[in-house]
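A short worksheet on the structure shown next.
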Amino acid sequence: MSQEREAGRVVSMLGKQSLELKNPVFIKASASVVGSKEGQGPLGELFDMVGQDDMFGCDSWEEAESSLQKDAVYLAMGKAGLKKEEIRYLFAGDLLGQSIASSFGLAGYGIPLVGLYGACSTCGLSLSMGAMAIHAGYAEHVVCVTSSHFASAEKEFRYPLGYGNQRPLSATWTVTGSGAFVLSNSKEEKARARITGITTGRIMDYGLKDSMNMGPCMAPAACDTIYNHLRDFGRKPSDYDKIITGDLGSVGQHALLDLLREKEIDIAGQHMDCGIEIYDAKEQDTHAGGSGCGCSAVTLSAYILKKIEEGVWKRVLFVPTGALLSKTSFNEGQSVPGIAHGLVLETV
């Protein structure tokens, strides 16, 4: 372990991947905007805004996804009582080529933008980068935001919706949604949670090539991040009320639990997956569950932070997961590497 002091702040660098934030970064406020299918799911009443038309009044699916981000940021800043002039940086990303949902959706705010890409792990990546910037003293307030849209993702990565192809049972359903989070260096009034630790993920590639079975492609990365996080912090799974992955779905969940058991780690009692929670497996035809950048983001904002705020969960390890493929790499026969980024979230 090593420690560095700068302007009264202390950061402990643990192992090769982790940081312990001695001065916590606070999640001051957050907001979630989702589509109609998500609004009909078990978390539907918890979301801030549910669109009845998944076009959100726009002319294209891509514009609709940009609208999701714009609205989520607006709602989050309003909850935090902050104006756009008070936000130092935006940390944002999405699944579309060149992150066009973020660039077109957020341009009107005129806030300095750090564009990020971590596939479906982008929520964890943006929160990690935002927390680092605040802890280092480079900002007082930042906004972290990401999004996905079922129709724009299918168009980007798979088939046109009009093609009507049959999806295998291992496939997940890309969440239409955006989650935005205002991070602050001071809790001032009641904050939703505090970020006390970060474990940045590594790229893991087990050679899987099935883009319709994303859970097992991402499970090795989730396993690696969770394993190294526990080792770096010297903790056990029981030190967390929940260990939450982003969008492994039901198939990927089994793979993750098996991989960790091979390392003599059992998280079955603590594990939860956002992709499993966001849809009703019996009533909604989503096969293996939910996925996409918006999956972990809206679940974190609407459900996970609510449980932390209420004190039901005292400490959570939040590990959004991502599959690092593109239509180019897939068409060229490349495998689907995965990555996962972990954050420790605790009650204030």
(request) Might you let me know whether region 238-261 holds any residue that is over 18 Å from residue 320 (Cα atoms), touching a Gly at 6+ places or on another chain (Cβ under 9 Å) and in a helix (DSSP H, G or I)? (result) yes
(message) Given the options 253, 284, name the one that is touching a residue at least 60 places away in the same chain (Cβ under 8 Å), over 12 Å from the mean Cα position of the chain (by Cα) and within 26 Å of residue 176 (Cβ to Cβ).
(response) 284
(request) Would you mind finding the one in 203, 198, 244, 226 that is modelled with pLDDT of 95 or more, closer than 21 Å to residue 339 by Cβ, surrounded by fewer than 20 Cβ atoms within 10 Å (Cβ to Cβ) and not charged (D, E, K, R)? (result) 203
(request) Could you tell me which of the residues 207, 275, 215 is touching a residue at least 12 places away in the same chain (Cβ under 8 Å), touching a Ser or Thr at 6+ places or on another chain (Cβ under 9 Å), small (Gly, Ala, Ser) and part of a loop (DSSP other than H, G, I, E, B)? (result) 207
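Results for (1) at pLDDT below 95; (2) among the acidic types (Asp, Glu); (3) farther than 15 Å from residue 192 by Cβ, shown as yes or no for each residue.
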{"position": "16", "(1), (2), (3)": "yes, no, yes"}
{"position": "19", "(1), (2), (3)": "no, no, yes"}
{"position": "23", "(1), (2), (3)": "yes, no, yes"}
{"position": "28", "(1), (2), (3)": "no, no, no"}
{"position": "31", "(1), (2), (3)": "no, no, no"}
{"position": "38", "(1), (2), (3)": "no, yes, yes"}
{"position": "43", "(1), (2), (3)": "no, no, yes"}
{"position": "46", "(1), (2), (3)": "no, no, no"}
{"position": "51", "(1), (2), (3)": "yes, no, yes"}
(message) Within region 307-324, does at least one residue satisfy the condition of being part of a helix (DSSP H, G or I), of a type in the set (Val, Ile, Thr), crowded, with 17+ Cβ neighbours inside 10 Å and touching a residue at least 24 places away in the same chain (Cβ under 8 Å)?
(response) yes
(request) Would you check if residue 301 is in a helix (DSSP H, G or I), touching a Gly at 6+ places or on another chain (Cβ under 7 Å) and not aromatic (Phe, Trp, Tyr)? (result) yes
(request) Check region 156-164 and report whether any residue there is assigned to a loop (DSSP other than H, G, I, E, B) and either modelled with pLDDT of 95 or more or more than 21 Å from residue 35 (Cα to Cα) (or both). (result) no
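The values are calculated or read from the model by the stated rules, or taken from the named source; none is laboratory data. Everything numeric in this text was worked out from a predicted model, so none of it was measured. A quick note on method: Cβ atoms are made from the backbone with ideal geometry, for glycine too, and the neighbour counts reach across all protein chains shown.
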